[in-house]
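Single-structure report; data block below.
None of the figures in this text is laboratory data; all of them are computed from the coordinates on show. Computed from a predicted model, the values in this text were never measured in an experiment. A quick note on method: Cβ atoms are made from the backbone with ideal geometry, for glycine too, and the neighbour counts reach across all protein chains shown.
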Amino acid sequence: MACWGAMVIDGEEVPEDGQSADHAGELLLRIADGDQVAFAELYDMLSSRVFGLIKRVLVDPSQSEEVLQEVFLEIWQSASGFAPKKGQGRSWILTMAHRRAVDRVRASQSSADRDVRVGVRDAYTQQEGIAEQVELKIEGRRVVRALRTLPDAQREALTLAYFGGYSQSEVAALLGAPLGTIKTRMRDGLNRLRQEMGVAL
Amino acid sequence: MNENEFAELSAGHALDALSVEDEQAYQQALAAHPEWAELVDADAHVAGFLAEGTGEEAPPIDVRARLLAQINAMPQRMPAPVDSAAETAPEPELALAGPPTEAVQSVQRRNWTRGLFALVASAALLVGIGWGVGSLVEQARTPISVQALEQIQAAPDAQTVTGQFAEGGEAVLHWSAELGKVVLTTDEAPKLADDRTYELWFVRGDKPIPAGTFDDSGEVTALLDGSFQPGDVVAVTVEQAGGSPDGQPTTTPIIAIPTA
């Protein structure tokens with residue numbers, strides 16, 4: 001269904017023959033059987049990536065550390081919920097990490113924290129808008145390149161939501177656009193990225 | 001809802017950007033239209049790709065040892081044996097509207113719900129629509145719970161689901177949305193220590209609402225206290241005699257039956 005081609009993710013080359021391409025997924029299957037060694041191996045392989053993602057959304061180091069622990073405990077407990085047919089183990093884990101980070105943002109951030117978090121405060125005094133500031137922090141050339149192919153309005157909406165951890169209504173308020181418009185922009189932006197990536201529906 | 005409207009929800013969900021209401025609408029629409037799952041998967045792929053756009057950062061060194069020590073004593077969720085049951089079970093993480101402030105607390109609470117939903121997913125449930133004929137004779141001499149049971153059995157929308165105690169014994173949940181009544185009957189529920197009791201809960205989203213206690217005698221007919229909403233999960237935990245003092249379950253549920 002999904003065609004990723006032979007892409008490189010963080011230097012870990014996905015072999016073209018498809019054999020054991022999903023190392024994280026294999027470890028998850030072993031973890032589901034209670035394999036603690038596999039758990040340690042998975043942690044060593046992905047904790048920096050997961051922590052990077054959480055901290056990107058959450059910023060605060062100690063909260064990020066707590067969420068990192070929550071995520072890995074959840075991996076231990078619910079590894080049996082991972083369905084290899086439905087996607088890659090790595091993506092399953094990152095999806096869970098992002099959701100947990102956003103949960104924490106919604107639950108705990110005061111608006112002042114959040115403004116500092118993505119530089120909203122600075123946006124009033126600087127030329128750059130909020131979305132640009134968030135974008136400046138996006139690493140990973142492939143992602144940056146793909147985002148650049150989007151119209152500004154779509155890129156802005158996606159960036160604030162995914163990397164800034166803002167809800168659709170918060171994004172609408174930040175950008176001064178109607179909620180319906182923001183929803184459509186996110187929809188269109190994801191569609192375009194999907195085509196860009198060659199993921200078939 | 002048409003597919004275009006759903007596509008907007010699906011995108012918002014993949015970005016974890018939906019409001020609580022939209023998230024519910026998303027879940028309901030997806031349950032009603034399993035064929036839209038492909039779109040959801042595709043959006044999840046794109047979101048997974050975005051995740052690669054953040055840098056790596058090594059977490060503090062002591063986290064690893066702490067985690068390894070924690071999992072050593074931590075039970076794992078069992079795989080759901082029946083796919084269809086797993087699909088109808090609500091996703092536990094989505095129900096967490098307001099995570100508590102303390103991380104430890106939060107993990108404990110999630111464990112509770114996770115245990116609950118694992119039970120919902122794994123219990124082999126026999127759902128039947130009851131067309132029972134109510135006997136209103138001798139009503140005056142019948143306990144209220146038994147009267148309620150008879151009313152439910154006579155209601156056109158009566159439903160029953162059977163669940164099993166892990167240690168043997170059976171619990172049957174009877175309810176009628178029209179009457180707004182729920183009765184749990186047990187047959188040979190496992191014996192408890194003297195200072196313990198079974199406690200019933202309506203679980204609404206992530207929130208357990210106490211619904212009364214019952215004992216471990218051979219056959220029990222218990223009418224649940226409080227207002228029932230269709231979609232609630234009815235759970236049973238073991239608590240201290242008299243029920244949990246602070247209105248929160250203190251143990252993992254041993255029975256969980258969805259009423260959706």
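Structure data summary
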read-out: Whole-angstrom gap from the stretch B:1-33 to the stretch A:27-96, using each part's C-alpha centre; value: 25
read-out: Inverse mean reciprocal Cα-Cα distance (Kirkwood Rh) of the stretch B:126-258, Å; value: 15.0
read-out: Selection from B:Ala17, B:His45, B:Gln28, by position along the positive dipole direction of the stretch B:1-57 (Cβ); value: B:Gln28
read-out: Under-5 Å amide H pairs with B:Ile255, H placed in peptide plane, nonlocal only; value: B:Val236
read-out: Mean-position separation - Cα centroids, the stretch B:179-231 and the stretch A:157-201, in angstrom; value: 44
read-out: Inter-chain Cβ neighbour average for residues A:176-186, partner chain, 10 Å; value: 3
read-out: Ranked list, fewest to most other Cβ atoms within 10 Å of each Cβ, for B:Ser244, A:Ser78, A:Ser62, B:Ser19; value: A:Ser62, B:Ser19, B:Ser244, A:Ser78
read-out: Residue-wise HN-Hα coupling along the stretch A:153-161, computed from phi with Karplus coefficients 6.51, -1.76, 1.60 (Hz; x: Gly, Pro); value: 4, 6, 4, 4, 5, 5, 5, 5, 5
read-out: 10 Å Cβ neighbours from other chains, averaged over peptide B:2-14; value: 4
read-out: Qualifying lysines (Cα of each under 30 Å from Cα of A:Lys85; at least 8 residues distant if same chain); value: A:Lys55, A:Lys183
read-out: Proximal lysines relative to B:Lys207, as straight alpha-carbon distance under 22 Å, when same-chain residues fewer than 8 apart are discounted; value: B:Lys181
read-out: Long-range amide H partners of B:Thr250 with built H, under 5 Å; value: none
read-out: For A:Tyr166, B:Tyr198, B:Tyr26, order by how many other beta-carbon atoms lie within 10 Å, fewest first; value: B:Tyr26, B:Tyr198, A:Tyr166
read-out: Fewest-first sequence of B:Thr250, B:Thr160, A:Thr159 by Cβ atoms within 10 Å of each Cβ; value: B:Thr250, B:Thr160, A:Thr159
read-out: All-pairs alpha carbon distance profile, the stretch B:1-57, 5 Å steps from 0, percent; value: 4, 20, 30, 21, 12, 7, 4, 2, 0
